[in-house]
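The values are calculated or read from the model by the stated rules, or taken from the named source; none is laboratory data. Predicted, not measured: the structure shown is a model, and the values here were computed from it. Ideal geometry is used to build each Cβ from the backbone, glycine not excepted, and the neighbour counts take in all protein chains shown. For the accessible areas, the whole protein counts, side chains as well, though only heavy atoms, and no ligand, DNA or RNA atoms are used. Shrake-Rupley method; radii C 1.70, N 1.55, O 1.52, S 1.80 Å.
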Amino acid sequence: MEERKNSYDQIYLVDGRGQTAVVVELCEKHLQKFPKHFPAWLQYGMALVALAQYAKAEKAIRRAIELCPVKSRSFPYAQMGHLNRARGDFKQAAVWYRKAIKNKPQDATFHIFLGSNAFQHGLHKQSEAHYRRALKCSEGCLDEAYFNLGGILLGKRKYLEAIECYREALKIDPKYKIAKERLDDAELALLITNS
């Protein structure tokens, strides 16, 4: 068990440095010794997505899903969504994000992924609805939900509402630099429209 932990810690460390090729190599070695370690399969799949090795990534993520306890599958489902989004298959990505939401409905993160997917596909009304749903969640990246909703409202020129969203994001994370930049942008745009 200690050997597996040390091996996986090394993978996690190099992933944090952005060394994707090293992650792939270490995962392959790790998985030879520990073939049922689902976090390593998931890490391997994510690295392969980053390298646009989609067929291999899909196999790795599917293996992670098989090995992962059912109640904990939201993150692997989301990674399958990311894989499909990277491939340009927004419909299939949405299917996987919805599976993640069904697995963990009170986590804003998966609603945000679904909203971002809709936004990239040009479905702004759906995107806004997903971000608003994320804000009703009890856990997850609520600051990001406010930030993304602010972006939708900014695009609709609803500057006052966008300003409120960016301020809420900054209440949660005062160091959220891009939220501060967007807040400044929205406030300046509002001044211009009112002059």
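Near residue 92, once Lys and Arg are set to +1 and Asp and Glu to -1 for all other residues with Cβ below 12 Å from its Cβ, the sum equals +3.
The angle between the Cα long axis of helix 177-193 and the longest principal axis of the Cα atoms of the chain comes to about 20 degrees, rounded to the nearest 10. Relative to the longest principal axis of the Cα atoms of the chain, the long axis of helix 159-172 makes an angle of roughly 40 degrees. Entry comment: accessible area of the chain is 57 Å² per residue, from protein heavy atoms only and a probe of 1.4 Å. Take every Cα pair under 8 Å whose residues are at least 6 apart in sequence, average their separation, divide by the length of the chain, and the relative contact order is 10 percent.
Taking 7 Å steps out from each Cα toward its Cβ at residue 33 and residue 3 produces label points 0.6 nm apart. If you sort the three axes of the alpha carbon gyration tensor as a ≥ b ≥ c, you get a/c of 1.5 or more for region 91-153 and a/b no higher than b/c, which makes it oblate. Largest to smallest in accessible area, the residues 72, 7, 195 fall in the order 195, 72, 7 (1.4 Å probe, all protein chains included). In terms of the Cα gyration tensor, with a ≥ b ≥ c the square roots of its eigenvalues, is the chain rounded because a/c is under 1.5, prolate because a/b exceeds b/c, or oblate? Prolate is the answer for the chain, as a/c is 1.5 or above and a/b outweighs b/c. Computed from backbone phi, the HN-Hα couplings of region 100-109 come to 4, 4, 4, 6, 9, x, 8, 9, 4, 3 Hz, rounded to whole numbers (Karplus: 6.51 cos²θ - 1.76 cosθ + 1.60, θ = phi - 60°; Gly and Pro given as x). Only Lys, Arg, Asp and Glu carry charge here, each on its Cβ (+1 for the first two, -1 for the last two); on that basis the chain has a dipole of about 740 debye about its Cα centre.
Using just its DSSP H runs of length 4 or more, each adding -39500 (n - 2.57), the chain gives a mean residue ellipticity at 222 nm of -25500 deg cm²/dmol after division by all residues. For region 104-195, the number of Lys pairs separated by eight or more positions or lying on different chains, with C-alpha atoms closer than 27 Å, is 24. Between the residues 105, 193, 119, the greatest Cα displacement towards the positive end of the dipole of the chain, with unit charges on the Cβ of Lys, Arg, Asp and Glu, is found for 105. A run of the chain free of exposed loop cleavage sites, with trypsin sites (Lys or Arg not before Pro) counted only in DSSP states other than H, G, I, E and B and at most 16 other beta carbons within 10 Å, reaches its longest extent at 37-135.
What does the charge add up to near residue 174, with Lys and Arg as +1, Asp and Glu as -1, over the other residues with Cβ less than 13 Å from its Cβ? Charge balance near residue 174 sits at +2.
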